[in-house]
Amino acid sequence: MINASEILETINMINQQHLDIRTITMGISIRDCGDPDVKRCCNKIYDKITKKARDLVRTGENIEREFGIPIVNKRISVTPVAIACECCDTEDYALFAQTLDKAAQEVGVNFIGGCSALVQKGYTTGDRRLIASIPEALRTTERVCSSVNVASTRAGINMDAVAQMGRIIKETADITGGMGCAKLVVFANAVEDNPFMAGAFHGVGEPECVINVGVSGPGVVHSALKRCKGEPFHVVAETIKKTAFRITRMGELVAQEASRRLGVPFGIVDLSLAPTPAVGDSVADILEEMGLESVGAPGTTAALALLNDAVKKGGVMASSNVGGLSGAFIPVSEDAGMIRAASSGALTIEKLEAMTCVCSVGLDMIAVPGDTSAATISAIIADESAIGMINTKTTAVRIIPVPGMDVGDRVDFGGLLGTAPIMPVNRYSAEDFIARGGRIPAPLNSLKN
Amino acid sequence: MRAIVTVIGKDTVGIIANVCSLLAENGVNVLDISQTVLQGYFTMIMMVDVSGSKVDFAELSVKLQERGVQQGLDIRIQREDIFEAMHRI
C-alpha cells in the first residue's frame, strides 16, 4: 500500500511545484481527405477531425478530475497539409488552415498543428503553395500552428527553403504584428510524433489516429535539486533521473487511460521539461540551482547537457514508448528565468545557439528587432539547421522579428507564450551567403548503409 | 475502484465526522484512515472504495471540494492508480 508521505509528496508536486500533463495531443491522418475540389476537400478534413476528436477535450477533463492531475492542453496534430491537400486544385492553402481552425474551435482544442511542409531535399507543388500561404494562414486563424522542415541529417540543408523561410517569417511578422511567428517553426530533423506545439504534425509513418502525451515538470526537478545543494554531479544526475521517472510514470498512466477511453492507440510519451512563464516552472531555475549565477553564464551548456541526458535516462524506463522531442526545452519568452537572463544581458542568442547543441530542440521563442533582415533570419536558421544536421538531432527556430520594436523593448504574447525582451542580433550581414541558394549536402555520417 | 481522499487544513472539531458522513451519504466505503497534525495543520488520508458510489466520480469530487471550502479545508479525491504509478515500479 502507498504510504502517507508518498501521497503527500505527489500532492505537493501538483499543488506547489506545477506538476502537470502539458498536453494530450491527438494525431489524425488526413491523407484520405484530398480532393481536387477545394470545398469537398475542406469538408472532408473538417468532418474527419470533428468526428475523431469529438470526445478529446471531455475525456481529458474527466481524467484530470479523476486522477487530480492538471492536463493543461488538449490539442490536435494532422498530416502536413502540403501532403494531404496536394491534389487540390488551388493556390490558396490558407483555406485549409481556416478549415483546421474551424475544426479546432468546434472540438474545443486550443491549438492544431500540421499546416506544414517537409522540404529538406526539395519542393513539390503542394509544398510551394503551402509555404507561400503561411503568412495569410497565420493571419486569418487563431489556433493553427505551422512548421516547415528544411534540413535533415540524411538530406542536408535545403538552402532555397532556408532563404524563403527568412522572408516568410518577416512577412508573417509584418502582417500579424509578430504574433503569427510564435506559431511558426522551422525545423531540421523534425520528428513525426511530437505532441508539443507549435511544431506538432502527424507524420506520414504514423497510424490513422494516435494519442501522444507531453509531460512537464521543471518545478519538480528544481525542488528535488534544492535538496542536494553542494553535492557532486553524479548525485545531481541521479536526483534528476529519479524525478523524471516519476513524472513520466504519471504521463504514461494518463496516456494509457486516454488511449483506452478514446479507443485510439497510444503513441508515445514525450518527456520534455516544458517551462511556463509562471514563477517556479522554469528550466533556467534548474540550471541556476546547479550553481550558476545566471543562466547564460559559462557552464550553462554543460549544466543543460547533464539535465537533458538525465531527464531521458530517468524517463525511458518509465514508459513503454518514449518519443517526440524528449529533453529540456529552452524557450525564452515562456520561461521566467530565461526572460530574466535575457533582459539582464546574461543570456545572448549566441549562448542559446550553443545550448541548442545539447537541449531537446532549438532557438525557441526569441524576439529580435523588427528591422532584422530576412537574410539574417535565414542565416540563423541555417546555423541551427547545421547543428541539427551534423549532430543527428532535432533543432528548430521559432524567432519573432517584432515590427517597430528594438533592443530594450518587451513584447507580450499572452498566456503560455509569455513575454520576451527584444534580444540583440549580430549586425554583420549574411546577404551574399543566403543569396547562393541550392543545397548544403548531407554530412558523411548519414552514409551508413 | 479505490481512491485516495486527502484532507489538509487547519485543525477544527468534527473534520473526520464531516467528511465520513458525506462519503456515507454517497455510498462510499472507507477502507482505511490515517491522520496527523503537523504544526497545527491537519492532514488526513483515507483509502476509500467508490465502486458503490451513488454519484459519479466527478460529482463526488466536486461535493468533497465544496464541503472543504465551507470548512476552510483542501479536500481532494484521486484515483489510487496515480500514486501507484508514481511511486511503485
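Read the figures in this text as sums done on the coordinates, not as results from a lab. As the structure is a prediction and not an experimental result, all values here were calculated from the model. Don't worry about glycine lacking a Cβ; one is built from the backbone with ideal geometry, like all the others, and counts go over all protein chains shown.
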Next item on the list: Can you pull the one-decimal nm distance between simple spin-label points at A:S5 and A:A278, each 7 Å off the Cα toward Cβ?
Entry: 2.7
Checklist line | Average other protein chain Cβ within 10 Å of Cβ, residues B:40-51 | finding: 1
Item checked: Structure-based [θ]222 nm, chain A - -39500 (n - 2.57) summed over DSSP H runs of at least 4, per residue, nearest 500 -> -13500 deg cm²/dmol
Notebook entry, point to check: Modelled label-to-label distance, A:D47 and B:K54, 7 Å Cα→beta-carbon offset: nm?
Noted result: 4.6
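What's the FRET efficiency of B:K10 with A:D32 using the Cβ-Cβ distance as r and R₀ = 41 Å, to the nearest 0.05?
Working from the Cβ atoms, E equals 0.10.
Excluding A:Y123 itself, what net charge comes from residues whose Cβ is under 13 Å from its Cβ, given Lys and Arg +1 and Asp and Glu -1?
Spelling it out: positives minus negatives among the neighbours equals +1.
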Check: Between A:E231 and B:E84, how many nm apart are label points set 7 Å from Cα along the C-beta direction?
Finding: 2.9
Next item on the list: Pull out the extension gain between A:V204 and A:R436, defined as 0.36 nm times the separation in residues minus the alpha carbon to alpha carbon distance; nm, one decimal.
Entry: 80.4 nm
Next item on the list: Could you give the size of the charge dipole of the protein assembly as shown about its Cα centre, using +1 on the Cβ of each K and R and -1 on the Cβ of each D and E, expressed in debye and rounded to the nearest 20?
Entry: 660
Next item on the list: Please state the charge dipole magnitude for the stretch A:21-188, taken about the Cα centre, from unit charges on C-beta atoms (+1 on K and R, -1 on D and E), reported in debye and rounded to the nearest 20.
Entry: 380
Margin query: Let's test this: bin the Cα-Cα distances of chain A at 10 Å from zero up to the farthest pair and state each bin's percent.
Written below: 5, 22, 33, 27, 11, 2, 0
Next item on the list: Specify which residue in the list B:S51, B:A17, B:A3 is farthest towards the positive end of the charge dipole of the stretch B:2-87, using unit charges on the beta carbon of Lys, Arg (+1) and Asp, Glu (-1), about the Cα centre.
Entry: B:A17
Check: Hey, if you put +1 on the Cβ of every Lys and Arg and -1 on every Asp and Glu Cβ in the stretch A:313-449, which of A:A341, A:G418, A:L325 ends up farthest toward the positive end of that dipole?
Finding: A:L325
Notebook entry, point to check: Which one of A:C209, A:L225, A:T59 is farthest out on the positive end of the charge dipole of the protein assembly as shown, using unit charges on Cβ (Lys, Arg +1; Asp, Glu -1) and the Cα centre as origin?
Noted result: A:C209
Checklist line | Mean Cα-pair separation over length for chain A, i.e. relative contact order, pairs under 8 Å, 6 or more apart, % | finding: 17
Next item on the list: Quick one: which residues, 5+ away or cross-chain, put their amide H under 5 Å from the amide H of A:S77? H built at 1.01 Å from N.
Entry: A:M26, A:G27, A:I28, A:G113
Note to self: Give the separation of the Cα centroids, the stretch A:169-194 to the stretch A:199-245, in Å.
What the structure shows: 25
Check: Just how large is the dipole of the stretch B:2-87 about the Cα centre, in debye to the nearest 20, putting +1 at every Lys and Arg Cβ and -1 at every Asp and Glu Cβ?
Finding: 180
